[in-house]
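The values are calculated or read from the model by the stated rules, or taken from the named source; none is laboratory data. All of these numbers come straight from a predicted model, not from anything done at the bench. Ideal geometry is used to build each Cβ from the backbone, glycine not excepted, and the neighbour counts take in all protein chains shown. Side chains included, ligands, DNA and RNA excluded: accessible areas come from the protein's heavy atoms. Shrake-Rupley method; radii C 1.70, N 1.55, O 1.52, S 1.80 Å.
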Amino acid sequence: MAIYHLRATMISRSQGRSATAAIAYRVAERIEDRRTGLTFDYAARGGVDHTEILAPDHAPDWVHDRSELWNRVEESETRKNSQVAREVRVALPDELTHAQRVALVRDYAQAQFVDRGMVADIALHAPGREGDERNHHAHILLTTREVDADGFTTKNRDWNKVEVLEGWREAWARDSNAALERAGIEDRVDHRTLVAQRDEALELASAARERGDEGAELHETVRAMSLDRPPLPQLSLGAWQLKERGIEVAAVRVWHEVKEQAVEVGRMAQELAGQVRDWLDRAAERVMDRLGPGQSELALAGGRDGREEEPDLATRLRDAWEARQGREKEQHVDAPEREAPQSSQDPQDLAARLREAAEGVDREGFADRAAALREGREAEERAVAQEAAREQERVRELERQQEIEREAHRDRGHGIER
């Protein structure tokens, strides 16, 4: 089941981070930071499926040398709190092949970032050995300054606008869906919030009910229920890195629980939607036998055009479907000849049962879990901030030691004894 995820964050020195360290980890390479003298060696790290640097046509050749690129990025920033790079992290559809995932990320990065003037360093990661085997994802590290033939120039503040980020989010959903469609896969993703998607489905179900379109009402009711679930929680940087390494802390465990719930519920929602469509098709065929030529469109107005959608509360869907199946069996045993009239009532009855189940969602339970998640996430962020502060202090201490050594070298050059 394809799941939408896009998160954009800044890599800032105020957090004790550097572009050289970030890219070395993401591409699993060894990179020396000329500014600090530190070496970041992640060459032994596995799980990186593909790396690639994309740059504007006018950029100098050295941007394709990863170490040179990110060292020059660091050297172009002089402030101790500079934002040195931007990272965009996206979830990749497991349903696609490796080549299709690479093409999806490459085309997206080219259109959304490189064509705007950024240099994009992309890394596709395979699922972790200890994590979800469907968790394919990509990291896209982006420069924050304009680049010309001589190197980096000014920072482009337009890239920080909220509407630009919203455009990136919408474009990722559009490009992902286009890739899924080309691959012949029915799953789709949506960049909007679950609440917005659910409200839309409920409105469509209500409109279908008013016009007597039982099939469309069923489809949209199932879709609305499938969206009535907690969203995947946002993980802090430290928690996300722990998740990738297969280390589970409280926030990571909650993330896995919510994702597994979404996957299981999505499977049941798809199964129910498929069974409902099959049943509607059979009912339509029976009605078509009773109609004259030219009236078959009336029998097909039951919504077979809807595609299977995602996530919800599996047990409620299963109970509703099994209850309808039980009634259908009784009808076949007691009155097998009474097909068309009785069948025309069942979709309304099932839709009503699904609406009733949707209204029974334990929202207080969701709220409690959300509050617990926020507390866990805040604790994780405090721990990460403390570690970042310690790392920053280590970097400052290293810089002080290097300055002392440089002063000692200069003094020896002038013949001064210490």
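Looking at the structure I just gave you, is residue 49 assigned to a strand (DSSP E or B) and not aromatic (Phe, Trp, Tyr)?
The answer is yes for residue 49.
One residue is enough: does the range 72-88 have a residue meeting the conditions closer than 22 Å to residue 124 by Cβ and over 21 Å from the mean Cα position of the chain (by Cα)?
Step one: filter the range 72-88 for residues closer than 22 Å to residue 124 by Cβ, giving 73, 85-88.
Going one step further and asking which of them are over 21 Å from the mean Cα position of the chain (by Cα), we end up with 73.
Yes; the residues of the range 72-88 include at least one that is closer than 22 Å to residue 124 by Cβ and over 21 Å from the mean Cα position of the chain (by Cα).
Among the residues of the range 35-59, which ones are within 19 Å of residue 109 (Cα to Cα) and not small (Gly, Ala, Ser)? Write out each step before concluding.
Filtering the range 35-59 down to residues within 19 Å of residue 109 (Cα to Cα) leaves 48-59.
The answer is 48, 49, 50, 51, 52, 53, 54, 56, 57, 58.
Quickly run through the range 6-31 and pick out the residues that are open to solvent by less than 40 Å² (accessible area, probe 1.4 Å), in contact with a Phe, Trp or Tyr (Cβ under 9 Å, 6 or more places away or on another chain) and assigned to a loop (DSSP other than H, G, I, E, B).
Selection gives 18, 28.
When residues of the range 39-79 are filtered for being free of Cβ contacts under 8 Å to residues at least 60 places away in the same chain, in contact with a strand residue (DSSP E or B) (Cβ under 6 Å, 6 or more places away or on another chain) and closer than 25 Å to residue 103 by Cβ, how many remain?
Here the count works out to 1.
To keep it simple, each residue is scored yes or no on (1) of a type in the set (D, E, K, R); (2) under 14 Å from residue 159 (Cβ atoms); (3) open to solvent by 40 Å² or more (accessible area, probe 1.4 Å).
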site	(1), (2), (3)
65	yes, no, yes
104	no, no, no
118	no, yes, no
124	no, no, no
142	no, yes, no
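Give the residue, chosen from 85, 99, that is assigned to a helix (DSSP H, G or I) and either closer than 25 Å to residue 175 by Cβ or in contact (Cβ under 8 Å) with a residue 24 or more places away in the chain (or both).
99
Can you name the residue in the range 163-199 that is of a type in the set (Asp, Glu) and in contact (Cβ under 8 Å) with a residue 40 or more places away in the chain and is also surrounded by the fewest Cβ atoms within 10 Å (Cβ to Cβ) among such residues?
Taking the range 163-199 first, the residues of a type in the set (Asp, Glu) are 163, 166, 170, 175, 181, 186-187, 190, 199.
Adding the requirement that they be in contact (Cβ under 8 Å) with a residue 40 or more places away in the chain leaves 175, 186-187, 190.
Details: 175: 18, 186: 12, 187: 21, 190: 18.
Only one residue fits best here, namely 186.
Please return the ranges of helices (runs of 4 or more DSSP H) entirely within the range 123-239 where 3 or more residues are modelled with pLDDT under 80.
Passing ranges, in order: 194-210, 214-226.
Working carefully through the options 218, 202, find the one that is more than 27 Å from the chain's Cα centre (by Cα) and surrounded by 18 or more Cβ atoms within 10 Å (Cβ to Cβ).
Result: 218 is the single residue among 218, 202 that is more than 27 Å from the chain's Cα centre (by Cα) and surrounded by 18 or more Cβ atoms within 10 Å (Cβ to Cβ).
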